[in-house]
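Scroll down for the structure; my scribbles are underneath it.
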Amino acid sequence: MENGFILGQVLYGLFVVALLLSEQQALFLLIAMAIDGIQMSFFWNSYHFVLSRQSSSGRMGSNLGFLNFLLNLLAVISPALGGLIIASLGYRVLFLLGFVLILLALILAISFQPVPVRDKISWQEFLSWLKEPGFRRLAFSFWGRYANDAIITLWPLYVFLLWGSTQGVGALYSASMFLAMIIQYVAGPLLDKRDDKKPFYFSGAFLSVIWFLRVFVVRIWTVAVVDTFERLTASFHWLFFDRSWLLRGKGSQALSYFVYRQMLMAVFGIFFWLFVALLFLTFGHAWQFLFIFGAQSVLLTLLVQKHKGGSLFTPQSPVS
């Protein structure tokens, strides 16, 4: 799986180069999008595999909380830092600095100690897993997570189309992001000590209600309130969700588990974006329908379950 890290970083470097070249030729933008889709499959599949292997069951929540804290911190700092570099030095310097960071990450990936993996991937095994109720349950929860994340990426576009700007909610969004970081950092160790699903069910139901409320957003202050509550609730909900499905990846067939998950996400992603395109081409209230779909998608994530006892993967029953 370490090779997946390396290949992912190489592809990400090509992605940055393609973005840089797109200034002269728009075709490179499409090439960059294609490369990004491929590199994400390699990188995140390897990332989740290594994280599951290196984290003990008793510290999975703590490790996830700390990693999410760092990722969210970067998400807050990066736009401001990138804007400062662009304003003072230009886009080209920003891309070159990004490429240097990718090279450093590639060196770190090459230095990883290889983890021996004896697991094998096959279509026959994948199809046999799909016959298992437990794996199908996980598949629906993964699809729910994908749909939620995908629709979230479209939400700023909806806000922009309504008011022509998103600056009005920027400060509150940053404040809620910092609060969410603190929640994840604190909640991680608590989940390791007390594994209670009731808060998870509550947070999922509340996120679903928030999606439904987006249908009625008409003022800028309602956007601020909805985004704040969504960010704070999601910080706990997705931490619990990720901890649950990553714990199921501890076993002799962990590689198969993460690869098949990525396959499911890729297939669903194709159908989802085709659905979104068809929705906006044929339906007059596409945004409202999409938000209702997001509310239903969050409820699907409640299907995720941590494996209870025994070996997670066996030839007869991989994810019972």
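Just so it is clear, none of the values below were taken in a lab; they were calculated from the coordinates. The structure displayed is predicted, hence computed values, not measured ones. Using ideal geometry, Cβ is built from the backbone for each residue, glycine included, and neighbour counts are taken over all protein chains shown.
The structure shown yields Cα Rg over 2.2 N^0.38 Å, and of the options (i) 1.13; (ii) 1.04; (iii) 0.95 that calculated value carries the label (ii). In this label model, Leu27 and Leu108 are separated by 3.6 nm, measuring between points 7 Å along each Cα→Cβ vector.
For the chain, a Gaussian network of Cα nodes joined below 10 Å ranks Ala277, Ala180, Ala224 by mean-square fluctuation, and the top entry is Ala277.
The alpha carbon gyration tensor of segment 133-303 gives principal lengths a ≥ b ≥ c with a/c of 1.5 or higher and a/b no greater than b/c, which makes the shape oblate. Placing a label point 7 Å from the Cα of Phe289 along the Cα-to-Cβ direction, the residues of segment 138-152 whose backbone N falls under 17 Å from that point are 151. As a proxy for reagent exposure, Thr233, Thr301 were ordered by neighbouring Cβ count within 10 angstrom, fewest first; the result is Thr233, Thr301.
For the chain, which DSSP H helices look membrane-span-like by this rule: Cα extent along the axis of 30 Å or more and mean Kyte-Doolittle of at least -1.0? Intermediate results must be reported in sequence, preceding the final value.
Numbers: long enough: 27-54 (41 Å, 0.89); 60-89 (41 Å, 1.62); 133-163 (45 Å, 0.56); 170-193 (35 Å, 1.03); 220-247 (40 Å, 0.64); 254-282 (42 Å, 1.81).
The answer, listed by residue number, is 27-54, 60-89, 133-163, 170-193, 220-247, 254-282.
If you average the C-alpha positions of segment 268-294 and of segment 1-78 separately, how far apart do those two centres end up, in angstrom? Centre-to-centre distance over Cα atoms comes out at 26 Å.
When segment 133-303 is described by a simple charge dipole with +1 on each Lys and Arg Cβ and -1 on each Asp and Glu Cβ, the residue from Leu255, Gly188, Phe283 located farthest towards its positive end is Leu255. Using just its DSSP H runs of length 4 or more, each adding -39500 (n - 2.57), the chain gives a mean residue ellipticity at 222 nm of -27000 deg cm²/dmol after division by all residues.
Taking Leu71, Leu11, Leu232 in turn, the Gaussian network model of the chain (Cα-Cα springs below 10 Å) assigns the largest fluctuation to Leu71.
Using a Gaussian network model of the chain in which every pair of alpha carbons under 10 angstrom is joined by a spring, one finds that among Leu20, Leu101, Leu89 the greatest mean-square fluctuation is at Leu89.
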